[in-house]
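The values are calculated or read from the model by the stated rules, or taken from the named source; none is laboratory data. On a predicted model such as this, the values are computed, not experimentally measured, just so you know. Positions of Cβ are backbone-derived with ideal geometry, glycine not excepted, and every protein chain shown enters the neighbour counts. What goes into the accessible areas is simple: the full protein's heavy atoms, side chains included, and nothing from ligands, DNA or RNA. Shrake-Rupley method; radii C 1.70, N 1.55, O 1.52, S 1.80 Å.
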Amino acid sequence: MKLATYRNGTRDGYLVVVSKDLTRAVAVPEIAATLQDALDRWQDVEPQLREVYIALNNNKLADAVAFDESACESPLPRAYQWADGSAYVNHVELVRKARGAEIPESFWHDPLMYQGGSDAFIGPRQDVPLPSDEWGIDFEAEIAVITDDVPMAVNSATAGEHIKLLMLVNDVSLRGLIPGELAKGFGFFQSKPSSVFSPVAITPDELGEHWQDTKVHLPLMSTYNKALFGKPNAGEDMTFNFAQLVAHAAKSRPLSAGTIIGSGTVSNKQGTEHGSSIAEGGVGYSCIAEIRMIETIRDGKPSTPFMSFGDSIRIEMLDEQGASIFGAIDQKMVKYQGPNS
């Protein structure tokens, strides 16, 4: 099943069911007003939403309209919780190796995770406004899951049962602000502006055999300024699966329905020590920071700049027939035109 949120001038938009081929959509106010409303009552409303989805795919709904990704908010325009992990230790290893530091052994069995801002996500086809492009703007292509209510101290063997939906993510990062924040010993805040999620959230069964061990075994494509930048397989080199990430997040607290848990930047070793770019015949990277780390390790300094205003990023995942699964995050970085700009 595929679900999206259309904007309507309110904070939370309204829920629509989207056809499998992403061509048609239908509002379902009689079932749930918003996606959060549906998640709060998931056990009761999921069967009803699925009936609509089946009818929509069979062209049996007269009130269906053409699906418009540009009309979408992120599936949850705001969420009670957004926690992002770092499940691909290869990514962490690269970042640390570039500055001459080894990763602690604990990183292989205890995932990293930070709590991001969840009050104002950006729509998948909206520009990303920022006050400055001198802060090291970077995209991070990721996958995220949305849970129902998760009890405290759930174990990883059963945590996967609480995963109800999946999305793609652009976890926008300001690399130039990160070192100063981390040096304070209190984690990310200003260096992590509003994140962006795919137009559509899907139930895991939409992935068929590509959803195994609570991992997505398909390439995640990042197209930077209209050139393919990365296509790593999200199921490879994922040290911690989503069930483990959910269990980690719930170790000392319950998670409310609508909690979003991210995978962290998708990263493949590609059979080499550090991986390689698309131009070099590899699968490339899901963020600019990784290629800069490779350049630093190889050449002593980075040569690829971070994003400037006007630069664009498209993040998408295709099925084996080349059809988009989640729709596309497709946006530009722009100068923030606020009251004090």
What whole-number value in Å² describes the accessible area per residue of the chain for a 1.4 Å probe? 43 Å²
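Would you work out the charge dipole size for the range 182-297 about its Cα centre, treating the Cβ of every Lys and Arg as +1 and the Cβ of every Asp and Glu as -1, and quote it to the nearest 20 debye?
Using only the charged Cβ atoms, the result is roughly 560 debye.
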Relative compactness, the chain, computed as alpha-carbon Rg over 2.2 N^0.38 Å: 0.96
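At a Förster distance of 41 Å, what's the computed FRET efficiency of Ile278 paired with Arg50, Cβ-Cβ distance as r, to 0.05?
Efficiency at R0 = 41 Å is approximately 0.60.
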Given the candidates Gln321, Phe306, Asn340, the one whose Cα lies deepest towards the positive end of the charge dipole of the range 296-341, counting +1 at each Lys or Arg C-beta and -1 at each Asp or Glu C-beta, is Asn340
Relative contact order in percent for the chain (Cα pairs under 8 Å, 6+ apart) equals 23 percent
Qualifying GluC sites (Glu not before Pro) in the range 287-341, DSSP loop, other Cβ atoms within 10 Å at most 14: Glu320
I'd like the carbon and sulfur percentage of the solvent accessible area for the range 1-87, probe radius 1.4 Å, heavy atoms only, ligands and nucleic acids excluded. 49 percent
Please report, as a whole percent, how much of the solvent-accessible surface of the range 152-306 comes from carbon and sulfur atoms (probe radius 1.4 Å). 53 percent
Among Ala87, Ile31, Ala247, the residue whose Cα sits farthest towards the positive end of the charge dipole of the chain, when +1 is placed on the Cβ of each Lys and Arg and -1 on the Cβ of each Asp and Glu, is Ala87
So how far apart, in nm, are the two label points at Glu30 and Ser256 if each is 7 Å from Cα heading toward Cβ? 3.0 nm
What are the GluC sites (Glu not before Pro) within the range 41-122 that DSSP puts in a loop, where the Cβ has at most 13 other Cβ atoms within 10 Å? Glu102
Write out the chymotrypsin sites (Phe, Trp or Tyr not before Pro) in the range 221-273 meeting two conditions: DSSP loop, and at most 15 other Cβ atoms within 10 Å of their Cβ. none
With a sphere of radius 9 Å drawn around the Cβ of Ala32, what net charge do the other residues whose Cβ falls strictly inside it have (Lys, Arg +1; Asp, Glu -1)? -2
